[in-house]
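The values are calculated or read from the model by the stated rules, or taken from the named source; none is laboratory data. For clarity, every value in this text was computed on a predicted model and none was experimentally measured. Neighbour counts are summed over all protein chains in view; Cβ atoms, including those assigned to glycine, are modelled from backbone coordinates with ideal geometry.
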Amino acid sequence: ESDIFIRRQPRGSALGTAATDVLAGGATSSWQIADPQPVWLDHGAGGHIWDVDGNEYVDLHGGYGAGIAGHAHPAIVAAVTEQVSRGTHFAQPTEDALWVARSLAQRYDLPLWRFANSGTEATMDAVHLMRAVTGRDMIIKVEGCYHGHHDSVQVSVSPDLDEAGPAHRPESVPSSTGIPTAITELTRIVGFNDLDAVRRILDENPGQVAGMIVEPVMMNAGIITPEPGYLAGLRDTLHSAGALLTFDEVKTGFTAGPGGATARFGVRPDIICLAKSLGGGLSTAAIGGTSDVMSAIADGIYEQVGTFNGNPLAMAAARANVYQVLDDSAYRHLADLAAHASAAITDVIAAHGLAWHVKSVGAKGCVIFSPTPVTDYREFLQLDDRWGQLHWLIQHNGGVFLPPWGKVEQWLLSVAHTHADVDRLVTNFERLAVIAEE
Ligand code: PMP
């Protein structure tokens, strides 16, 4: 399949080779470097994209989960086109920002919002805010959750489970070179769905923990859902210790439902981070909070800043996205497509007698290459990733573009996708199933 992949993309290969002269590693982000080579894209329309060699794909990569609106949605094109000729940057608020914030307040049940430019910035502000509000330095984070590439959250456990320490007392390590342990030591690691570990850290460090940041559904480890009572338990446990709870909804925001995982699971945290699917394809992010938390910003205790915060082009796109694209009928359509994908792939798995299953939350889904549900990061690490990588190649060569990290990432359905697009995903998946059955 790797050979087919390369043969289909001669111009992409040539660009990839030329790129290594001027782009470090031949791509614009380290997570664009796929095996066997990065995919060089030319354009997108609706639910489809075309590479520089003219190959067409159903786009279920969705720009790493940012593409719930699909490509060039007419409402977003109109909004951006109007704004682009009226000025693309002022570093002053425009009316669109007010409308976007109103929608977020209503969808996520938190009253006050600020904007930033990426998920990384949003979670960085959230961590700063938790510290600013409580006057404490320590934070709690879940092993295997990804919150962006700033120092405080670039900490997890070794993917080698022999070195990860016991599940109830993980041995934390920086997730990347360049991240000082002096900073990551302030971040205490727990397992997902392990409320007792959070209680223990709070008990052992009285008055020191500012709060916890968590993906309410883990989405950088396939898809791992919270056990009943876990999210509410986190909120109550943290609050009783004077600490705060942040939901990183960068992946779940707008995709788990109109009000993200917060509305879906009915647990309101103190702070919510949004990015990816907020901007209708433009880069923007948001941080929402309770009045108590956000008063730290309003009162100037914490300065939440950024030259491009609330950028007019991004706000125009986000406004069109949240008011015109992501309406009730859009969520009905997404739910239909998601049900179709889950049911059809589940049928293929059963027909071929495979020990796999489908996991889906809202518009996102993935195949878990294991018969049993995965409930934490350690179980996820033990999944055999060969099938994930082969699945990616087979889907790609069959005209479906998925995120390239095997078992880590998931597909994202967009409002522009059709049942025929889902059929293509299923047909390609059947090719994998045939190979796996042999
Ligand atoms: N939080 C989560 C849950 C994410 O998945 C990501 C990106 N994959 C981020 C934060 C960081 O977002 P960005 O890449 O926009 O900085």
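Which pairs turn up if I take residues in segment 46-66 that are in contact (Cβ under 8 Å) with a residue 40 or more places away in the chain and outside any loop (DSSP other than H, G, I, E, B) and look for partners that are aliphatic (A, V, I, L, M) and within 16 Å of the ligand (Cβ to nearest atom) with beta carbon separation below 6 Å, at least 6 apart in sequence or on another chain? Here the result reads Gly62/Leu412; Gly65/Leu412, each pair linking segment 46-66 to a residue that is aliphatic (A, V, I, L, M) and within 16 Å of the ligand (Cβ to nearest atom).
Residue pairs whose Cβ atoms lie under 7 Å apart, sitting 6 or more positions apart in sequence or on different chains, and linking a residue in segment 214-229 that is not assigned by TED's automatic domain parsing to the domain that holds Asn193 to a partner that is assigned to a loop (DSSP other than H, G, I, E, B), do not occur here. Give the number of residues within segment 106-142 that are farther than 22 Å from His239 by Cα and either modelled with pLDDT under 95 or away from the ligand (no atom under 12 Å from the Cβ) (or both). Residues that pass the stated criteria total 4.
Restricting Ala330, Ala317, Ala355, Ala351 to those that are touching a residue at least 12 places away in the same chain (Cβ under 8 Å) and touching a helix residue (DSSP H, G or I) at 6+ places or on another chain (Cβ under 6 Å) reduces the list to Ala317.
Just one of the numbered conditions (1) free of Cβ contacts under 8 Å to residues at least 12 places away in the same chain; (2) not in a helix (DSSP H, G or I) is not true of Leu98: (2). Please determine, by comparing only the residues of segment 143-180 that are within 19 Å of Asn205 (Cα to Cα) and out of contact with any helix residue (DSSP H, G or I) (no Cβ under 7 Å at 6 or more places or on another chain), which one is nearest to the ligand (Cβ to nearest atom). Filtering first and then ranking leaves Pro170. Give me the residue from segment 36-45 that is part of a strand (DSSP E or B) and aliphatic (A, V, I, L, M) and, out of that set, nearest to Glu409 (Cα to Cα). Filtering first and then ranking leaves Leu41. Please work out if Ser329 is touching a Pro at 6+ places or on another chain (Cβ under 6 Å) and modelled with pLDDT of 95 or more. The answer is no for Ser329.
When Ala132, Ala167, Ala122 are checked against the criterion of being buried (at least 20 other Cβ atoms within 10 Å of the Cβ) and of a type in the set (A, V, I, L, M, F, W, C), a single residue qualifies: Ala122. Residues of segment 338-363 that are within 19 Å of Thr418 (Cβ to Cβ) and surrounded by fewer than 16 Cβ atoms within 10 Å (Cβ to Cβ): Ala339, Ala343.
If you go through segment 213-244, how many residues are under 17 Å from Thr120 (Cα atoms) and either away from the ligand (no atom under 14 Å from the Cβ) or assigned to a loop (DSSP other than H, G, I, E, B) (or both)? Talk me through it step by step, then tell me what you get.
Going residue by residue through segment 213-244, those that are under 17 Å from Thr120 (Cα atoms) are 213-216, 218-220.
This time we only want the ones that are either away from the ligand (no atom under 14 Å from the Cβ) or assigned to a loop (DSSP other than H, G, I, E, B) (or both), so: 215-216, 219-220.
The number of residues fulfilling the criteria is 4.
Scanning segment 264-285 for residues that are more than 12 Å from the ligand (Cβ to nearest atom) and among the small types (Gly, Ala, Ser), we see that the one that is farthest from His71 (Cα to Cα) is Gly266.
Residues in segment 94-109: is at least one under 24 Å from Val250 (Cβ atoms), surrounded by 13 or more Cβ atoms within 10 Å (Cβ to Cβ) and aromatic (Phe, Trp, Tyr)? Yes, some residue in segment 94-109 is under 24 Å from Val250 (Cβ atoms), surrounded by 13 or more Cβ atoms within 10 Å (Cβ to Cβ) and aromatic (Phe, Trp, Tyr).
Do we have Gly353 as over 23 Å from the mean Cα position of the chain (by Cα) and at positive phi here?
Considered against the rule, which asks whether it is over 23 Å from the mean Cα position of the chain (by Cα) and at positive phi, Gly353 comes out as yes.
Against the definition (part of a loop (DSSP other than H, G, I, E, B), within 30 Å of Arg319 (Cβ to Cβ), in contact with a Pro (Cβ under 8 Å, 6 or more places away or on another chain) and in contact (Cβ under 8 Å) with a residue 24 or more places away in the chain), how does Phe90 come out, yes or no?
Numbers: part of a loop (DSSP other than H, G, I, E, B): yes; within 30 Å of Arg319 (Cβ to Cβ): yes; in contact with a Pro (Cβ under 8 Å, 6 or more places away or on another chain): yes; in contact (Cβ under 8 Å) with a residue 24 or more places away in the chain: yes.
Considered against the rule, which asks whether it is part of a loop (DSSP other than H, G, I, E, B), within 30 Å of Arg319 (Cβ to Cβ), in contact with a Pro (Cβ under 8 Å, 6 or more places away or on another chain) and in contact (Cβ under 8 Å) with a residue 24 or more places away in the chain, Phe90 comes out as yes.
Per the conditions (1) without any contact (Cβ under 8 Å) to a residue 24 or more places away in the chain; (2) within 16 Å of the ligand (Cβ to nearest atom), the sole criterion not satisfied by Ser85 is (2). For beta carbons closer than 6 Å, sequence separation of 6+ or different chains, a first residue in segment 264-288 that is assigned by TED's automatic domain parsing to the domain that holds Ala317 and in a helix (DSSP H, G or I) and a second that is of a type in the set (Ser, Thr, Tyr) and within 14 Å of the ligand (Cβ to nearest atom), the qualifying pairs are Ser277/Thr255; Leu278/Thr284.
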